[in-house]
Structures are given as structure tokens and as C-alpha cells.
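Since the structure comes first, as C-alpha cells, the remarks are kept for the end.
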Amino acid sequence: MAKTWYPVIDYMICKNCGTCVNFCSHGVYDKTNAPSPAVVYPDGCVDHCHGCGNHCPLGAIVYIGDDTGWSPPHGIKSDEIDCALCCRKSSS
Ligand code: SF4
Ligand code: SF4
């Protein structure tokens with residue numbers, strides 16, 4: 001298990017769908033707090049697992065210690081977000 005690899009939730013993007021909480025079976029997330037994701041046992045995270053991040057529909061999960069070049073597959077880059085997802089920054 002990893003002490004230098006665990007998920008971090010971007011709560012500006014997360015919509016509390018609970019997918020990550022329900023997906024992980026390693027006790028990393030507090031299931032009593034579902035559907036809101038709360039990382040309570042980072043040491044339980046499996047080194048180099050991207051399971052919850054690959055299932056997050058909004059790309060709100062990144063990983064401490066990630067040196068793989070992975071990026072959230074459904075992700076929206078933070079610098080593309082303005083006003084809590086309701087109005088994207090435009091070029092004008
Ligand atoms: S990366 Fe894997 S082990 Fe770690 S919290 Fe997500 S699903 Fe669980
Ligand atoms: S899967 Fe993504 S959007 Fe859903 S609760 Fe987890 S971090 Fe939030």
C-alpha cells in the first residue's frame with residue numbers, strides 16, 4: 001500500500017456523485033460520508049492505481065505522487081473553468 005500515492009479531490013469540480021466512493025474497495029474513502037468523497041485512509045490506496053480517477057465522470061481526481069503522465073480521462077482542466085462550471089472562460 002502506498003504512503004506517497006493517494007487521490008486528491010478537486011471539490012471545485014466534484015459534484016458528489018459518489019462513484020469514486022463506491023468504486024474503491026480499499027477503505028480509502030469514508031463510505032459513511034457517501035456520496036461525498038472524503039479521503040480518510042490514504043495509506044490504503046494501491047500504488048499507481050487510477051481506478052477511481054478513471055471512473056470519475058468529471059475528472060475531479062488527481063494523485064499525489066503521480067509520475068505516469070496520466071490525466072483524468074473525463075477531465076476538464078481547472079484553467080478552463082470559471083464560475084463553478086456554469087460559464088466557461090471565453091476568448092473574448
Ligand atoms: S486509486 Fe484505486 S486504491 Fe486508490 S482510492 Fe482510487 S480506486 Fe481506491
Ligand atoms: S467520482 Fe468524481 S464527481 Fe463523483 S464524487 Fe468522486 S470525485 Fe466527485
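Determine whether the stretch 56-65 contains at least one residue that is touching a helix residue (DSSP H, G or I) at 6+ places or on another chain (Cβ under 6 Å) and under 17 Å from Asp10 (Cα atoms).
yes
Of everything in the stretch 33-81, what is modelled with pLDDT under 90, away from ligand 2 (no atom under 11 Å from the Cβ) and open to solvent by 70 Å² or more (accessible area, probe 1.4 Å)? Give them in sequence order.
Pro73, Lys77, Ser78, Asp79, Glu80
Quick one: how many residues across the stretch 18-65 are in a loop (DSSP other than H, G, I, E, B) and closer than 10 Å to Pro7 by Cβ?
We begin by selecting, within the stretch 18-65, every residue in a loop (DSSP other than H, G, I, E, B); these are 18, 24-28, 30, 34-38, 40-41, 45-50, 56-60, 65.
Now drop any that are not closer than 10 Å to Pro7 by Cβ, which leaves 24, 28, 37, 45, 49-50, 56, 60.
Of the residues in that region, 8 qualify.
The values are calculated or read from the model by the stated rules, or taken from the named source; none is laboratory data. Here the structure is a predicted model, which is why all the values come from computation and not from measurement. Methodologically, a virtual Cβ is constructed for each residue, glycine included, from the backbone with ideal geometry; neighbour enumeration extends over all protein chains shown. All accessible areas refer to the heavy atoms of the entire protein, side chains included, with ligands and DNA or RNA removed. Shrake-Rupley method; radii C 1.70, N 1.55, O 1.52, S 1.80 Å.
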